[in-house]
Amino acid sequence: MRRSLSLSALVSAALVAGACSAAPSATPPAVGSSPAGATPGGSTAASPAESGSANTGKVGGKLVIDNESGSTWSCQFNPFNPSVSGTAIGFMYEPLEFVDALKTNPDGSNVVTPWLASDSAWNTDFTTLTFTIRDGATWTDGQPVTADDVLYTFQALKADAALDLNALWKANGGPLTSVTKDGSKVVFTFDGPSQTFFYYLADQVPIVPKHIWSKQDQAKLDTFENTAPIGSGPYTMANCSQDNIQYMRNEHYWQSTADHPVPQIQEVDYPAFLSNDPANLQLAQGQAQWGAQYIPNTEQF
């Protein structure tokens, strides 16, 4: 199971939609998936950003993430490589739906927000799951996000088992037997009731652009360095060095409108720290606004 709770993904989710208060947990939440036309978790087809915190309509500012990573950045952004996925997922690559591990519906199931998919539904025996891919989402190079990209992404997981980090495909120990496309819909078929896999399939697989990734060696996608990432997310990678990753606002992000800009933060910096002390010093001096590392005597600090 891949390590999915990263500070970067948490920050990205918070910047896009304040109501989505954290990145997905590595522990699978209980999914209250409903059959035949109902959307898992009670989600609707509304835009994810619509349920966020108050939007002032203004864009600007810089957020500095203060997080001791223990190493410098390699400037690779393959979202399927666990060693670098934390700097790619959320900022630049997005899932089909967002499963909020910290929010529950009245029935106890986790709240699900449509993302690159506008809707999803199980059949009556939970052996077929259908996603409707959202119309209007685009990659940062201007090309549309389509059902072909979703189909390609999951076929890539089958072609290179190293990408199938949660063992979804049957050949890798999971229940998934086929993925097909019908217009804007992508249909997943399983060898038995598989509602417990919804979280891993909908939330934990970053969708990648077919027109970029299909040009790589399909048997070695796990080693694709992806140094110039093209994603659908709220930020683009503007500059990367061993010491810092600079993300800039995606000016054409699919969730953004003129009167409701998303995200509102123009720049996000992610400096690399080799130990807690310099990270804590930067946080204490007000040079960073978001931190996650060990801080001794927290109340005094």
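Could you list ASP259, ASP66 so that the one with the fewest beta carbons within 10 Å of its beta carbon is first and the one with the most is last? Please list the in-between numbers first.
Values: ASP259 7, ASP66 23.
Ordered by Cβ neighbours within 10 Å, fewest first: ASP259, ASP66.
Extending 7 Å from Cα along the Cβ direction at ASP141 and again at SER214 yields two label points whose distance is 1.2 nm. Each residue of region 208-217 was assigned a 3J(HN,Hα) from its phi angle through the Karplus curve 6.51 cos²θ - 1.76 cosθ + 1.60 (θ = phi - 60°); the sequence is 10, x, 4, 5, 9, 6, 5, 7, 8, 5 Hz, with glycine and proline shown as x. Annotation: extensible slack from ASP222 through THR124 equals 31.7 nm (criterion: 0.36 nm per residue apart, minus Cα-Cα distance).
What is the calculated FRET efficiency for SER184 to SER83, with r their C-beta to C-beta distance and R₀ = 41 Å, to the nearest 0.05?
Values: r = 34 Å, r/R0 = 0.83.
Computed FRET efficiency for SER184 and SER83 comes out at 0.75.
Near the amide H of SER118, within less than 5 Å, lie the amide hydrogens of THR132, ILE133, ARG134, all on another chain or at least 5 residues away, with H placed in the peptide plane. Straight-line cross-link reach from LYS103 at under 29 Å between alpha-carbon atoms covers these lysines, not counting any fewer than eight positions away in the same chain: LYS58, LYS62, LYS185.
All of the numbers you see were taken from the coordinates with simple rules; none came from a lab. Note that this is a predicted model, so its numbers are computed, not measured. Glycine also receives a Cβ, built like all others from the backbone with ideal geometry; neighbour counts cover every protein chain displayed.
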